[in-house]
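Q: Right, I'll just put the structure down here and ask away after.
The values are calculated or read from the model by the stated rules, or taken from the named source; none is laboratory data. Only a predicted model underlies this, so the values are computations on that prediction, with no experimental measurement involved. Cβ coordinates were reconstructed from backbone atoms using ideal geometry, including for glycine residues, and neighbour counts include every protein chain displayed. What goes into the accessible areas is simple: the full protein's heavy atoms, side chains included, and nothing from ligands, DNA or RNA. Shrake-Rupley method; radii C 1.70, N 1.55, O 1.52, S 1.80 Å.
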Amino acid sequence: MRVGVVACGACAVLACTRAAPMPSPTATATPATPGATAVADAAPAASPQPSAALPGTAVELGGRSKAGKYTATLRFSVPKLGELFSTNLRVTLASGAALPDGATVTVDATMPEHRHGMMTQPATTVAGPGLWRTDGMKLHMQGRWVFAVDVSSTAGDDRLELPFEQPPEATPP
Amino acid sequence: MTLPRTPLATAALVLLSLSAAACGQANDTPWTAPELRLILSLSPPPALAYSAGNRFADDDRAARLGQKLFFDKGLSRSGQIACATCHEPARFFTDGRARAKGVAETNRNAPTVMGTQNLPFVFHDGRKDSLWAQALGPLESDAEHAFDRTAAARHLAASYRTEYEAIFGSLPSQAEIAALPAQARPRPLDSTHPQARAWAAMAEPQRSAVTRAFVNIGKAIEAYERKLLPRPAPFDAYASALRRGDADAARMLDAPARQGLRAFIGAGGCVNCHNGPLLTDMAFHNLGLPPAAGVIGVDGGRSVGADQVRRDEFRCGTQWSDATPTAGACQELHYLNPQFEDFLGAFRTPTLRNVARTGPYMHAGQFATLAEVVGFYQTLPGRAQVGHRDLTLQRLPGSVQAQDLVAFLESLTGPLPEPRWLDPGG
């Protein structure tokens, strides 16, 4: 799908190649982005990508952890901006086998470009074998967030980083 | 060409065709799809959210009683102070002063009441989690109404018994009221104060009956305040025209205001914090503001407020609140992180609706005009008095014209609430 470019040199190119809404693509865990040093001086514009899904859309983010120990899937419904929401997480060993007993996880979210995290204190509880539920998350700024899922078990400690684009809508459009 | 049939996509399409017409005005570039989406996310002003802690919040009789109480100077020790003293309707429910003055000057600026209805935390430092609990603060503040709850119960019984009882049920009888000490209230920080001693000397049922009446003053006032929502402004007319794909959208907003909007959602980074239809993220940030002239000491802001709200006598889920924590209410309080490191010196992002009418600005009235506020964002002078300046803040790039941002902020002024809510009522 493509929309033509306005026939005027002075006008901005408005390319609706990826018009909203559509579900976020499944993200695979990206390599570490040392956010602390990333963008110190350039003022990052707030603009969310046009592809950011509308609030209420079901999302599934997942992939392999950085050192390759685990596979995880984080499911939630795209929150309204600034609204508390919950996530469901499934974790297995990278092989697909069940986690060893006693595994623990934490789920956090930060905005590397703005060097801040969430202002709330979420709580993660076990929801079944290899399943966790996290309540009390809140993304108060539109734009790129990164969910950090830390898994710890006798198989070792490892982390997944899952980018997510928070849309700007705080009320239903 | 197939595009999803969403209003956004339609608006984007119309803009595309429009932009051809607008060509020639080099600085009136059409909005990109992400820009358009951001603009539409700021409008229209929000509808009321449910008030979990106050089952009278949407009771019109409570609103009419609350209206009278809001203007009633009888709810102050001196008989000179009402809520409306510092929240004057004609000034969009502010007082025009840098720092509010009741019995004495406070160290904070009086914010507008319009647009506070849906906030999870109120006051600049968020030390209250509902409007009804908030209203009880100034009544017992020594610098503001300097009242106490036995005097409040007595005043209610003398002036509003019939109306009150029709809504909230019975007040203590005349004999019971007559038996109350003249002035009594808890003072957790000053238990030897005569009012605190008088309170401690009362029997528990007496204390609860008085506190119940006091709490219901707050609940009636909240019901009234819920009539004071911000109303659509010229900016909303523009956003709504964009949403419809109206070819004449640009007529709704002057060119400088449109330029200011562009900076606000783009290079200026304002929308990072001033987002959503109230133009606030409802969160707390340390801007690293200069000290306010005449204020001694530093203000810890949210780091103090976050702690206070978790211990507040009237917080969500207490016996005075109508919310049942088990039913999923009180979540904001439950997941609040009081240790959040950036809370030191942070204050809540204020709504920018009607901001041109609510100066002076910032928590201690540091700036008299919007031009001064924008001047601050241009240079970000000095450093934070306590904690550190929010890392999201960046000096405005030279390409942003201060007067354009001011023009945009001025386009956020809507009409006052309906006239029947602007006086003590009848």
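Q: What number in nm² do you get for chain B if you take the convex hull of its Cα atoms and divide its surface by four?
A: 22.8 nm²
Q: Would region A:58-170 count as rounded, prolate or oblate if I go by the C-alpha gyration tensor, calling it rounded below 1.5 in a/c and otherwise prolate when a/b exceeds b/c, oblate otherwise?
A: Because a/c hits 1.5 or more and a/b exceeds b/c, region A:58-170 counts as prolate.
Q: Can you list the residues, at least 5 places off or on another chain, whose amide H is less than 5 Å from the amide H of B:Ser130, using H built in the peptide plane?
A: Here the answer is B:Val122, since their amide H atoms fall under 5 Å of that of B:Ser130.
Q: Expressed in nm to one decimal, what extension gain is obtained for the pair B:Lys101 and B:Arg61 from 0.36 nm per residue of sequence separation less their Cα-Cα distance?
A: Numbers: separation 40, 0.36 × 40 = 14.40 nm, distance 3.05 nm.
Net length gain for the segment: 11.4 nm.
Q: In degrees between 0 and 90, to the nearest 10, how far off the longest principal axis of chain B does helix B:302-311 point, with axes built from Cα atoms?
A: 40 degrees
Q: Right, here's the next one. Counting Lys and Arg as +1 and Asp and Glu as -1, what is the net charge of the other residues whose Cβ lies under 14 Å from the Cβ of B:Phe314? Intermediate values should be presented prior to the final figure.
A: On the way: positive: B:Arg127, B:Lys128, B:Arg149, B:Arg185, B:Arg212, B:Lys219, B:Arg310, B:Arg311, B:Arg315; negative: B:Asp129, B:Glu140, B:Glu222, B:Asp312, B:Glu313, B:Asp322.
That works out to +3.
Q: Follow-up question, since we're still on this one. I'd like the orientation of helix B:60-70 relative to chain B: the angle between its Cα long axis and the longest Cα principal axis, in ° from 0 to 90, rounded to 10.
A: 80 degrees
Q: Further question: How much accessible surface area, in Å² rounded to 10, belongs to the heavy atoms of B:Asp246 with a 1.4 Å probe?
A: 40 Å²
Q: Given charges of +1 on the Cβ of Lys and Arg and -1 on the Cβ of Asp and Glu, with all other atoms neutral, how large is the dipole of the protein assembly as shown about its Cα centre, in debye to the nearest 20?
A: Numbers: 56 positive and 54 negative charges, 63 e Å.
Charge dipole, the protein assembly as shown, about its Cα centre: 300 debye, nearest 20.
Q: Write down, largest first, the equivalent ellipsoid semi-axes of region B:60-225 in whole Å, where each equals the square root of 5 times an eigenvalue of the alpha-carbon gyration tensor.
A: Values: eigenvalues 128, 73, 40 Å².
They are 25, 19, 14 Å, listed from largest to smallest.
Q: When Lys and Arg each count +1 and Asp and Glu each count -1, what net charge do the other residues less than 14 Å away from B:Ser41, Cβ to Cβ, add up to?
A: Once positives and negatives cancel, what remains is -3.
Q: So who's got an amide H within less than 5 Å of the one on B:Ser43, skipping anything under 5 residues away but keeping other chains? H placed 1.01 Å off N, in plane.
A: none
Q: Would you calculate, for chain B, the mean residue ellipticity at 222 nm contributed by helices, counting each DSSP H stretch of 4 or more residues as -39,500 (n - 2.57) and dividing by all residues, to the nearest 500?
A: -11000 deg cm²/dmol
Q: What do you get for the angle between helix B:255-265 and the principal long axis of chain B? Use alpha-carbon atoms, 0 to 90 degrees, nearest ten.
A: Computed tilt is about 70 degrees.
Q: Karplus couplings for region B:223-240 from phi (6.51 cos²θ - 1.76 cosθ + 1.60, θ = phi - 60°), rounded to Hz, Gly and Pro as x?
A: 4, 5, 4, 5, 7, 9, 6, x, 10, x, 10, x, 4, 5, 5, 5, 4, 5
Q: Next up: Counting only residues 5 or more places away or on other chains, whose amide H sits under 5 Å from the amide H of B:Ala346 once H atoms are built in the peptide plane?
A: B:Arg302, B:Ser303
Q: Sticking with this one: Given a 1.4 Å probe and heavy atoms of the protein chains only, how would you sort B:Arg77, A:Arg133, largest accessible area at the top?
A: Largest accessible area first, the residues go B:Arg77, A:Arg133.
Q: OK, next. Report the semi-axes of the equivalent ellipsoid for the protein assembly as shown in whole Å, largest first, where each axis is √(5λ) for an eigenvalue λ of the Cα gyration tensor.
A: They are 44, 32, 22 Å, listed largest first.
Q: Classify region B:26-103: rounded, prolate or oblate, from the alpha-carbon gyration tensor (a ≥ b ≥ c, eigenvalue square roots; a/c under 1.5 rounded; otherwise prolate if a/b is larger than b/c)? Intermediate values should be presented prior to the final figure.
A: Values: a/c = 4.16, a/b = 1.80, b/c = 2.31.
It is oblate, given that a/c is not under 1.5 and a/b is not larger than b/c.
Q: Can you give the accessible area of A:Leu93, probe radius 1.4 Å, in Å² rounded to 10?
A: Here the residue's solvent-accessible area equals roughly 40 Å².
Q: Let me ask something additional. List the aspartates and glutamates whose Cα sits under 12 Å from the Cα of B:Lys128, skipping any in the same chain fewer than 8 residues away.
A: B:Asp307, B:Asp312, B:Glu313, B:Glu332
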